[in-house]
Amino acid sequence: MAVAALRGRAYPLMSSVPSFLTWRRLGFRSFCSGHLGFLSQPPEAESTAAAGPVPGSKILETFREEFEIGSRTISIETGKVARFANGSVVITMDETNVLSTVASARGDGARDFLPLTVDYQEKQYAQGVIPTTFMRREGAPKERELLCGRLIDRPIRPLFPPGFYHDVQVMVNVLSSDGKHDPDVMAANATSAALMLSGIPWNGPIGVIRVGRIDGKFVFNPTMDELSLSDLNLVYACTRDRTLMIDVQAREISEKDLQAGLKLAHPEAVKYIDPQIRLAEKAGKKKKEYKLSMISDRTLEKIRSLAEAPIEAVFTDSTYGKFERGEALDKITHAVKAKLEEEGDEESLNVLPKAIDMVRKKIIRHRIIKEGVRVDGRQLDEVRPLYCESGTYPILHGSSLFSRGDTQVLCTVTLGAPGDAQRLDSIVGPPTKRFMLHYSFPPFSINEVGKRGGLNRREVGHGTLAEKALLAVLPPENDFPYTVRVNSEVMASDGSTSMATVCGGSMALMDAGIPVREHVAGVSVGLVTEVDPSTGMINDYRILTDILGLEDHLGDMDFKIAGTRKGITAIQLDIKPAGIPVDIICECLEPARKGRNHILDRMEQEICAPRTMGDGSTPRLATLKFSNNSIQRLLGPLGSQRKKIEQETGARIAVSDGTVTIVAKNRSVMEKAKEQVDFLIGREIEVGGIYKGVISSIKEYGAFVEFNGGQQGLLHISELSHEPVSRVSDVVSVGQDLSVMCIGQDVRGNIKLSLKAMLPWAGSEKKNLESQDSVPPKQEVNVWASVENVPMCQENQDSEVEPATNSMPAVVIRSAAECDAQDIAAGQHSINKSGKGTKTSPRPYNASSRHRDDFRSTLTKRKPISSPNQIPMKKESEPKDFCGSKPETDSGPGTLLHALMQNDADVKPKSLGSTSVRAGSLKLGDRVIAKVYQIRTHGLVLELGGGLRGMYKFEINGRRDFEVGKELHVQCSSFSSKGIPVFSLLEDE
């Protein structure tokens, strides 16, 4: 009511005070006390509020510990946030802050296992980002969050006291992240400190540290940038004197180097322990009394006396398989249960499953320690029988089947485009992941009925372990930029399915043709110890290679080690007791290496190198580079063009950063897709490359072909056939589809195409054999690297004879005076475009069929064209004129005349009159006998012999009654602007 009254009298009140600033300076309570008369308090109460909290309120007190690990300053703090939790700690390193809280249920703990739950969460506010989901909030836990939760769970679980079966929940939240440090190790240490501060019984604390190695030097708590340069990512957890957990991802690190890293990590991790103890002494709670579910000695002895002998008989019979052994043990349990029901022993019936399990454990451990005999009769370091099969399903990109004993795993590989990479929303690390391994453990693999749900912590953990192991041998992204997905389906499980996944995945990668460097194999090593009950010290122990599921359950350790022959690539250590000495851990590395090499031998017998992609039914991938404009043409409006190609061919097309990736099921699908992509946006033009095109227009001198994404090329009349062609329309027509070969580029930048290069040539084999001994070295043709801006061919509207294009180098016809002048200048310097002098050596060109054959053979070498305007040649192979000089520019007499060769016969000088026509020897005034080759509107095209042609212009009111093939006496009267000889008609003698 006071607030309502204040609202109703707002304007009068504002006028009763000096100004509105008084309201802000005095505050709401002081203003009301001085001017309204309510909400006032005595002066002594006001001073009390100013001096501290109101009596009876809880004082906010925080406790903090700081310490250094390597070069990093770390602090742990409690009391400031999450005060109602049983234990809460905020750990800080640089600008990264992580909160860990623990709470325990108040139930009676009437169960036979510890229901420990660890929830790790990275919310996007920690890095100042709003989630990109539809609801703009975080959803189900991501894979990384599940993995970080497992990383915290594994070292803290063994330290809860036996019989403590109350619900315990650990919740970890990343409050802020600078992106430099991975918060997972900080979260594990904060959880240890929170458990120390809580009233929950726990035999901690622990220390957790990350170790990297850069250039052979170990680095503690490396940043994410340093980890990218490191060949080791080791997470190590321990108590003051024992190891609790190891997690390793490495690039084939040797066992010796790993041992050195472990022994250096232990003392550094111990540095986390003392600050936690000091903080618990300042602010820790007194440990509460919880009911422990323990089995009495009398009950355990009674059940042991009933079940020990028949259980031992089962375990001594090595002929039992997994399920036969399980059925026999179940019968023993039912028999004991029936006996206890007859006696009415309710206490023993309540703990019967747990007690039977303890009896089994004691018998197996005793046989291994005292007799060195395992359940299935193997030696301690013996690996179970192996079966390997690659290419199980040929239609898949890659597949394999791997069995070790009763454990069987089917692995498949699927290749995808770079755009198929998994997008990650983690606050640290890379934004995408191009290699994924998904592990699946269906219920039928252990003959059970179950329900398949979402992400499973165990499946995610096992799959990530195998993924780390195989990642070390994958080719770099620059060499193999494709996305790879490996699926591991567990078909039968009897221990170490994650290590079987490593072996099967390695074979499947090779079967898919992925260029992995070598095989990766994995094996699980177990441990059985004999502990002194009074001191807790280990009196004796045995190391087991390739453990069964039962040995994993009843043993002390599951030490999974994967790697190549060179070294280790991944490790995961899980233990059941409250720590194992690091020396025993290091001792396990050698039997694991021997077992791994034994498995590698068998895998290499099945497949020892990546397969080739030669089979037509093998899936295909192609990566093409295009400009942004070309990619826009490929996509089309709203991606319509890409969708059309995918629907018509069945291929998948992905576009990313100027790269177009095509994924096809087989070779035929790939060829169809590439053909459509090439026609739509073009591809890199290569001399000697074969292209499919469409005749767009026909001229007298040739046809224009549209190909390679709308580009134009000139198919000259001389390139239509090996035989002379009178009219272009006799061979091709507008709209006709045909395949042509790119043979170069003319002086205008037009692309020259050839149809006759695609046609068989009679007598070529015989001629090649005859001239084989005298064939000169092939000329090297430098060509364009890109044709993105190649000018389209322009039609020549000149009435003169169109200079023909051919695969032959240019032929120049000059006068005698010009030849003499060029001989003098032949050895002088010529200036190139950049102004630098280059020497030229006169080397006459011999226009023989041998040279033409060699030139055509060079066209089969598919080399990309390197300039949109010209085909640069080497200096020693540049076309010279027949007087020994290079061709001049396209102005004045004596310029470029293309030799129009219509056949591949040897070019020999042919005497047709008073002058024998030779290349480079035709001069003004020479008289020759020529044949009429074509009759044009304004003149004649004359065949001079030797593959040379000239022209005769009709005179006004002159003779025009000529016939093709008729011989005429002519005289060279001039040269056209393009170097074509022009003749005048002589009267017949």
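Remark: spin-label model distance Ile690-Gln632 equals 3.5 nm, labels positioned 7 Å along the Cα→Cβ axis. Sorted largest first, the spans of the alpha carbon positions of region 416-476 along the three principal axes are 41, 26, 22 Å. With 0.36 nm allotted per residue and the present C-alpha distance subtracted, the Lys566-Thr62 stretch has 176.3 nm of extension available. Only the Cβ atoms of Lys and Arg (+1) and of Asp and Glu (-1) were treated as charged; on that basis the dipole of region 297-371 about its Cα centre amounts to roughly 460 debye.
Computed from the C-beta positions of Lys263 and Ser296 and an R0 of 41 Å, the FRET efficiency is 0.45 to the nearest 0.05. Calculated from the alpha-carbon coordinates, region 552-609 shows an Rg and a Dmax of 13.6, 44 Å respectively. Between Asp425 and Arg458, the FRET efficiency from the beta-carbon distance, with R0 = 25 Å, is close to 0.65.
Using the Cβ-Cβ distance between Val129 and Tyr387 with R0 = 45 Å, the FRET efficiency computed as 1/(1 + (r/R0)^6) comes to roughly 0.40.
Annotation: extensible slack from Val81 through Val449 equals 128.0 nm (criterion: 0.36 nm per residue apart, minus Cα-Cα distance). Available extension along the chain between Lys271 and Asp112 is 53.8 nm, counting 0.36 nm per residue and deducting the alpha carbon span. Size descriptors for region 571-646: radius of gyration and Dmax over Cα atoms are 26.0, 66 Å. Between Ile547, Val663, Gly579, the Cα set farthest toward the positive side of the dipole of region 538-672 (charges on each charged residue's Cβ, about the Cα centre) is that of Val663.
Local charge for Tyr387 was computed over the other residues whose Cβ lies under 12 Å away, with Lys and Arg +1 and Asp and Glu -1, and equals 0.
For the pair Arg748 and Leu924, label points projected 7 Å from Cα toward Cβ lie 2.8 nm apart. Taking region 386-606 as the region of interest, the number of lysine pairs whose Cα atoms are within less than 27 Å, with members eight or more places apart or on different chains, is 11. Between Lys643 and Leu380, the simple spin-label model (points 7 angstrom out along Cα→Cβ) gives 6.7 nm.
Net charge around Leu554, counting only other residues with Cβ within less than 10 Å of its Cβ (Lys, Arg = +1; Asp, Glu = -1)? Intermediate results must be reported in sequence, preceding the final value.
On the way: positive: Arg360, Lys361, Lys362, Arg365, Lys576; negative: Asp357, Glu551, Asp552, Asp556.
That sum, taken over residues with Cβ under 10 Å, equals +1.
Please give the net charge around Ile76, taking every other residue with its beta carbon less than 15 angstrom from that of Ile76, where Lys and Arg add +1 and Asp and Glu add -1.
Values: positive: Arg64, Arg72, Lys80, Lys271, Arg278, Lys282; negative: Glu65, Glu66, Glu68, Glu77, Asp94, Asp274, Glu281.
So the environment of Ile76 carries a net charge of -1.
Extents of region 386-606, taken as max minus min of Cα coordinates on every principal axis and listed largest first, are 61, 43, 42 Å.
Magnitude of the charge dipole for region 63-283, about its Cα centre and with charges confined to Cβ atoms of Lys, Arg (+1) and Asp, Glu (-1), is about 420 debye.
Values quoted throughout were computed directly from the atomic coordinates according to the rules given, and no laboratory measurement underlies them. Here the structure is a predicted model, which means the values were calculated and not measured. When we count neighbours, we look across all protein chains shown, and the Cβ atoms used for this are built from the backbone with ideal geometry, even at glycine.
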